[in-house]
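A short write-up of the structure that comes next.
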Amino acid sequence: MVQHGRLRSQERKVATVLFADLAESTSLGERLDIEPLAQVMGAFHRAVREAVERCEGSAESVGDGVVAIFGAPVAVENHQGRALEAADAILDSIDRLNRRLAPSLGAELGVRIGVNTGDVLVDYAGDTGVGGMASDVFNVAARREQAAEVGEIVVSERTLAAIRDRAAVDLGDLPIAGREHPVRAFRVRRAGSVASDSDSKPRLVGRQAE
């Protein structure tokens, strides 16, 4: 792609970002010696990254969690739906991991997931991995993850607007540190789970929120 006689090195795209964070990691580190802790963390990161990659996303480990992106740098159809599929796959993978590790750990691993859709700037001249993309969408996805309970998936209004087969609960406005305006947040059911009486598909009206 040529722009003013030069190769274009940056491109703006709409993509969906997923954050998956290991819950109670500080407590886990206190109970386990460094070698078994490293094995558990490695197994957790691998399980999450493999679930993301099966849904055609790109993932990187960040501390106690994993950040993934769908729809950039390579565009894919229905990146919002792929992110939700990945979230389900992550929860399923952690269930399997717990069946293998829980007897020796004496506890189960838990994960919280946040998903956000928005514009990202892809720098093709440099690193085009997850960490090489500029966007506030990453920060907002991380904040939604922090708002989730263990085993929950919390998504943005823009993500949910593209998903038609999920029951969801409107959690209202979610404040973001450093931002003037809060953002909407929705808890979505894990695919295959039994809906509670409070689960319903919200009617999206007004502005297209983040």
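The values are calculated or read from the model by the stated rules, or taken from the named source; none is laboratory data. In this text the structure is predicted, and so the values were computed from the model without any measurement. A quick note on method: Cβ atoms are made from the backbone with ideal geometry, for glycine too, and the neighbour counts reach across all protein chains shown. These area figures cover heavy atoms from the full protein model, side chains too; ligands, DNA and RNA do not enter into them. Shrake-Rupley method; radii C 1.70, N 1.55, O 1.52, S 1.80 Å.
Looking only at region 167-186, how many residues end up being out of contact with any helix residue (DSSP H, G or I) (no Cβ under 7 Å at 6 or more places or on another chain) and not in a strand (DSSP E or B)?
Count: 8.
Going residue by residue through region 154-174, is there one that turns out to be at pLDDT 90 or above, buried (at least 18 other Cβ atoms within 10 Å of the Cβ), under 30 Å from residue 32 (Cα atoms) and of a type outside the set (A, V, I, L, M)?
There is no residue in region 154-174 that is at pLDDT 90 or above, buried (at least 18 other Cβ atoms within 10 Å of the Cβ), under 30 Å from residue 32 (Cα atoms) and of a type outside the set (A, V, I, L, M).
Could you list all residues from region 173-187 that are more than 13 Å from residue 87 (Cα to Cα) and touching a strand residue (DSSP E or B) at 6+ places or on another chain (Cβ under 7 Å)?
Those that are more than 13 Å from residue 87 (Cα to Cα) and touching a strand residue (DSSP E or B) at 6+ places or on another chain (Cβ under 7 Å): 173, 174, 176, 182, 183, 184, 185, 186.
Six or more apart or on different chains, Cβ under 6 Å: which pairs go from a residue in region 105-124 that's in contact (Cβ under 8 Å) with a residue 40 or more places away in the chain to one that's of a type in the set (Phe, Trp, Tyr)? Could you list them?
Cβ pairs passing all conditions: 114/19.
Within region 76-92, does at least one residue satisfy the condition of being touching a Gly at 6+ places or on another chain (Cβ under 8 Å), modelled with pLDDT under 95, open to solvent by less than 30 Å² (accessible area, probe 1.4 Å) and closer than 19 Å to residue 190 by Cβ?
So far as region 76-92 goes, no, none of its residues is touching a Gly at 6+ places or on another chain (Cβ under 8 Å), modelled with pLDDT under 95, open to solvent by less than 30 Å² (accessible area, probe 1.4 Å) and closer than 19 Å to residue 190 by Cβ.
Could you check, for region 130-138, whether at least one of its residues is in a strand (DSSP E or B) and over 21 Å from residue 29 (Cα atoms)?
Within region 130-138, one or more residues are in a strand (DSSP E or B) and over 21 Å from residue 29 (Cα atoms).
Could you say whether any residue in region 45-68 is open to solvent by 10 Å² or more (accessible area, probe 1.4 Å), more than 19 Å from residue 115 (Cβ to Cβ) and of a type outside the set (Val, Ile, Thr)?
Yes: region 45-68 contains one or more residues that are open to solvent by 10 Å² or more (accessible area, probe 1.4 Å), more than 19 Å from residue 115 (Cβ to Cβ) and of a type outside the set (Val, Ile, Thr).
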